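**Q** The following block contains the structure, expressed as structure tokens.
Just so it is clear, none of the values below were taken in a lab; they were calculated from the coordinates. Here the structure is a predicted model, which means the values were calculated and not measured. All Cβ positions, even for glycine, are placed from backbone atoms using ideal geometry, and neighbour counts span all protein chains on display.
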Amino acid sequence: MAKPETKAVVDLLDLSGEQILVTGASGNIGQGIAARLAEAGATVIAHYHQNAAAAAALIERLGTGRVIGADLTNKASVDAMLDSAAATMVVNNAAVQTVQNLADMSFSDWRLMMAANLDSAFLVTQRAAGAWSAADRGGAIVNIASIEGLDPALGHGHYATSKAGLVMLTRAAALEFGAARIRVNTVSPGLIDREGLQKDWPDGVARWLERVPLGRIGAPNDVADAVLFLLSPAARWISGANLIVDGGMSTQGKW
């Protein structure tokens, strides 16, 4: 059995030569991930579904990479995207989040959440990992879940369930595709800042800040750096893991 290559510390986070598909790259966290991976030398393929302008502006700002559109709940659309992207790594970041009680939820509302947050990751993972396996080239996937996949909040039952499923999909894919040298991991963020967050949800932000051990809201780069690590050679023997990025909030349960 060949020993893994030993890289110098300076090269451990180098993603030069990688073509990395970031789904949902037009959003807040997605843009942070894409920018960090580009900084590490990767060529970023920025996926969007509806906000083409934001994805295009991101790539223009980065000065490298390209934009690709697809409906991730449609298998044919996903297949066409991955055929065009020729990605060597994937970040399944695209997601929706709504607030709705289970008692009042229609089945179509439930299915919309599962399709957007879980079915999409399945379709992308299946197609990408299948192509990498056939080519015998290895690969890496990072799924963006949530701490709510481990500890649900009121009104977020459908969202939390989709993210819990994503964590298990990660583990199942890591098990199944490991023999093909494909690593699959999850990052589960806590509350991440965005423009207008404190204005839109002042009570939630206040409750978070009262309890979070590290004393602040997360930033997109907190998630992006975790993704960078898990895709990089520094994480070469890590697969099936769920890296929680929440300032320590999960040490004490509900907030």
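**Q** Counting Lys and Arg as +1 and Asp and Glu as -1, each charge on the Cβ, what is the dipole of the chain about the Cα centre in debye, to the nearest 20? Present the calculation step by step, with values, prior to reporting the outcome.
**A** Working: 20 positive and 24 negative charges, 81 e Å.
I would put it at about 380 debye.
**Q** Say the dipole of the chain comes from +1 at the beta carbon of Lys and Arg and -1 at that of Asp and Glu; which of Gly139, Leu209, Leu72 then lies farthest toward its positive end?
**A** Gly139
**Q** Taking R0 as 35 Å, what's the FRET efficiency between Ala86 and Arg236 from their Cβ-Cβ distance, rounded to 0.05?
**A** Values: r = 22 Å, r/R0 = 0.64.
With R0 = 35 Å, the Cβ-Cβ based efficiency is 0.95.
**Q** Calculate the FRET efficiency for Ala52 and Asn101 from the Cβ-Cβ distance with a Förster distance of 35 Å, rounded to the nearest 0.05.
**A** 0.55
**Q** For Cα extents along the principal axes in Å, several values are listed as (1) 45, 44, 34; (2) 55, 45, 35; (3) 51, 41, 38; flag the one computed from this structure.
**A** (3)
**Q** Here is a further query. Subtract the Cα-Cα distance of Ser16 and Thr251 from 0.36 nm times their separation in residues, and report this length gain in nm to one decimal. Intermediate results must be reported in sequence, preceding the final value.
**A** Numbers: separation 235, 0.36 × 235 = 84.60 nm, distance 3.59 nm.
Net length gain for the segment: 81.0 nm.
**Q** Quickly estimate the mean residue ellipticity at 222 nm for the chain, helices only: each DSSP H run with n ≥ 4 gives -39500 (n - 2.57), and the total goes over all residues, rounded to 500.
**A** Numbers: 9 runs with 105 residues, N = 255.
Only helices count here, giving -12500 deg cm²/dmol.
**Q** So, counting K/R as plus one and D/E as minus one, what does the shell of residues with Cβ under 15 Å around Pro4 add up to? Please list the in-between numbers first.
**A** On the way: positive: Lys3, Lys7, Arg181, Arg183, Arg236; negative: Glu5, Asp11.
Combined, the nearby Lys, Arg, Asp and Glu give +3.
**Q** Taking a spot 7 Å from the Cα of Asp136 along the direction of its beta carbon, which residues of the stretch 221-242 have an amide N less than 18 Å from it?
**A** Within reach of a label on Asp136, which here means backbone N under 18 Å from a point 7 Å along Cα→Cβ, the stretch 221-242 contributes nothing.
**Q** Please list, in order, the residues from the stretch 33-50 whose amide nitrogen is less than 20 Å from a point placed 7 Å along the Cα→Cβ vector of Leu112.
**A** 48-50
**Q** Please rank Leu154, Leu13, fewest neighbouring Cβ atoms within 10 Å first, as an exposure proxy. Walk me through the numbers before you get to the answer.
**A** Numbers: Leu154 9, Leu13 19.
Exposure proxy ranking, most exposed first: Leu154, Leu13.
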